[in-house]
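> Here you go, one structure.
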Amino acid sequence: METLINIILLTFLAIIAIAITRIRHLLVTVVLTGMFSLLSASLLVSMDAVDVAFTEAAVGAGISTLLFLSVLALTSTEELAGNRKFSSIAFILVSITGAILIYGTLDIPKFGDPSAPVHHHIAERFIYESPDEIGVPNMVTSVLASYRGYDTLGETTVILTAGIGVLLLLGRGKQDKETD
Amino acid sequence: MNHVVDILSWSCLLAGAFFLLIGVIGLLRFPDFFTRLHAASVIETLGSLLIVTGLALQAEQALVIVKLILLIVFIMFTSPTAAHALAKAALHGKLEPVTSTEDNN
Amino acid sequence: MFAAAMIAILLAMFMSLCRALLGPTLYDRLLAVNVLGTITVLFIAVFGFLTGRPEFLDIGLAYALINFIATIAVLKFFEYRDMGRATEEELDI
C-alpha cells in the first residue's frame, strides 16, 4: 500500500516537473513549483522522513514561493523567446550525469534496511561512550559539536554567509533610498 | 457501542471521499473560473469536514482529536479567506464570469 | 475504509493536478494549487491513520497555514504590483 502511494506520488511529481520545463509563463512556473513542493513533502511524509517534509513544506512551498515572487516583481513574468532548441551536447551531458547518479544508487542500502551500516555499532557507541569520550552529559550536543563538529562548522558557515548576504542586499537598498 | 462509532466514522469517511470526488470533478468540468471556485469550496468545507470527523471518531488518544479539531479550524478559517481573495483578484483582473451557455460547451 | 478515503484523495490529487496543468487562466491554476494544498493536508491526516501512526498530524497543521500564506502571497503580488498584473490577453496562458 505504501509503496503504491509512493509510486503514484512520484508519478505526479514527474508530471509536474515536465510541465514546469514546458511552460513559459514564469508566474505559472512559480505556482507549479509550490505545488511540486507540497507533493514532494507528502511523499516525504509517506517515507517517514517527517522532519525533512516539514522543512520542504516551509521552505519549498512557503519561503521560496515568496522569494520567487519578489524576484518576479523586479523582472519580467515572461520567459524570453528563443534558445529552446534541442542541444545534443547538453542531452549527452545530462544522460551521463543521470547514468552516474543511478550507478551511485546501486551501492546504497535498501530503503529501511535494518542491516544498513548506519544501524550498527555507531549509535551504540554514541550512547555508551560519549560521556567518557566527550564529557558532555547531553548526547545530542556531543554528537553535534564534537563527533560531527566539522559538519556543524560548515553548516553554521553557510547560514552565516547567507545571513550576511541578505543583510548586504537589503541594507544597500535602504541606503540608496536615503541618498535619493 | 463500538460498532456504532465504527459505522458512523466509516460513513463519514465515505461521504467525505464522495464529496471530495464531486468537488474535483466539478473543478475539472465546470466551464469557467467562478463556477470552479464554487466546486472547490465543496472540497474545502464538506469534504474535509466529513473526512476529519471520520478520522476523529477512530482516534484513540485525546491529543490526536485535539489536533484534528485544530486542523479543521485552520481549514475553515483559511480556505474561505483564500477563496474570497481569489475571487476578488479574479474580478480585479477583469476576468468575466460566463453568463451564457451559447459560446462554450 | 481508510484505504477507500486514500484512493479518493489520490484521485482528487490527480484531478486537481490536471486542472493546474490545463489552466486556462492563472486563477484556475491558483485555485487548483489551493485545493491541492487542502487535499495534501487530508492526505497526511488519512495516511497517519492508514499506517496506524496518527502522530504526524502537526505537519498537516503547518501545511494548512503554509498553503494559505502561499496563496495569499501570490494573489497580493498579482493584485497590487504593476508587474505581473494580467491583461486580458495575458490571461490565456
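Every read-out reported here was derived from the displayed coordinates using simple, explicitly stated rules and does not represent laboratory data. From a predicted model like this one, the values you see are computed outputs, not experimental measurements. Methodologically, a virtual Cβ is constructed for each residue, glycine included, from the backbone with ideal geometry; neighbour enumeration extends over all protein chains shown.
> Per-residue Cβ counts within 10 Å, from other chains only, averaged over B:3-10: what number is that?
Average per residue, whole number: 1.
> Starting with the fewest neighbours, write out A:ASP151, A:ASP132 ranked by other beta-carbon atoms found within 10 Å of each beta-carbon.
Lowest to highest Cβ neighbour count: A:ASP132, A:ASP151.
> What ranking do A:PHE91, B:PHE19 get, fewest neighbouring Cβ atoms within 10 angstrom at the top?
A:PHE91, B:PHE19
> Would you calculate the separation in nanometres between label points at A:LYS85 and C:GLU55, each defined as 7 Å from the Cα along the Cα-to-beta-carbon direction?
In this crude spin-label approximation the distance works out to 5.9 nm.
> For A:GLU78, list long-range residues whose amide hydrogen, built 1.01 Å from N in the peptide plane, is under 5 Å from its own amide hydrogen.
Long-range HN contacts for A:GLU78: A:LEU26.
> Tell me, what is the FRET efficiency for B:ILE69 and A:LEU74 to the nearest 0.05, using R0 = 41 angstrom and their Cβ-Cβ distance as r?
0.45
> Follow-up. Ranked from highest to lowest mean number of other Cβ atoms within 10 Å per residue, what is the order of the peptides A:119-125, A:52-58?
Output ranking for A:119-125, A:52-58: A:52-58, A:119-125.
> With a 10 Å Cβ neighbour count serving as the proxy for reagent exposure, in which order, fewest first, do A:ILE108, C:ILE72 appear?
Fewest to most other Cβ atoms nearby, the residues stand as A:ILE108, C:ILE72.
> Here's another thing I want to ask about it. Just to be sure I understand the curve: with the Debye formula and one point per C-alpha of the stretch C:2-80, what is log10 I(q)/I(0) at q = 0.14, 0.17 Å⁻¹?
-0.51, -0.70
> By its C-alpha gyration tensor, with a ≥ b ≥ c as the square roots of the eigenvalues, how is the protein assembly as shown shaped: rounded for a/c under 1.5, else prolate for a/b larger than b/c, else oblate?
oblate
> Need one value for C:18-26: mean number of C-beta atoms belonging to other chains within 10 Å of its residues' C-beta atoms.
Average neighbour count from other chains, rounded to a whole number: 6.
> Related question: For the peptides B:32-41, A:160-169, what is the packing order when you average, over each peptide's residues, the other Cβ atoms within 10 Å and list the highest mean first?
Averaged packing, sorted descending, gives the order B:32-41, A:160-169.
> Under DSSP H, which helices of chain B have Cα atoms covering 30 Å or more of the helix axis and a Kyte-Doolittle average no less than 1.6?
B:2-29, B:62-92
> How much mean residue ellipticity at 222 nm does chain B get from its helices, if each DSSP H run of length 4 or more adds -39500 (n - 2.57) and you divide by all residues, to the nearest 500 deg cm²/dmol?
-26000 deg cm²/dmol
> Okay, helix-only estimate at 222 nm for chain A: each DSSP H run of n ≥ 4 adds -39500 (n - 2.57), divide by all residues, round to 500 deg cm²/dmol; what do you get?
Taking each H run of at least 4 residues, the total per residue is -22500 deg cm²/dmol.
> Could you work out the relative contact order of the stretch A:36-119, using alpha carbon pairs under 8 angstrom and six or more residues apart, expressed as a whole percent?
Once divided by the residue count of the stretch A:36-119, the mean separation gives 17 percent.
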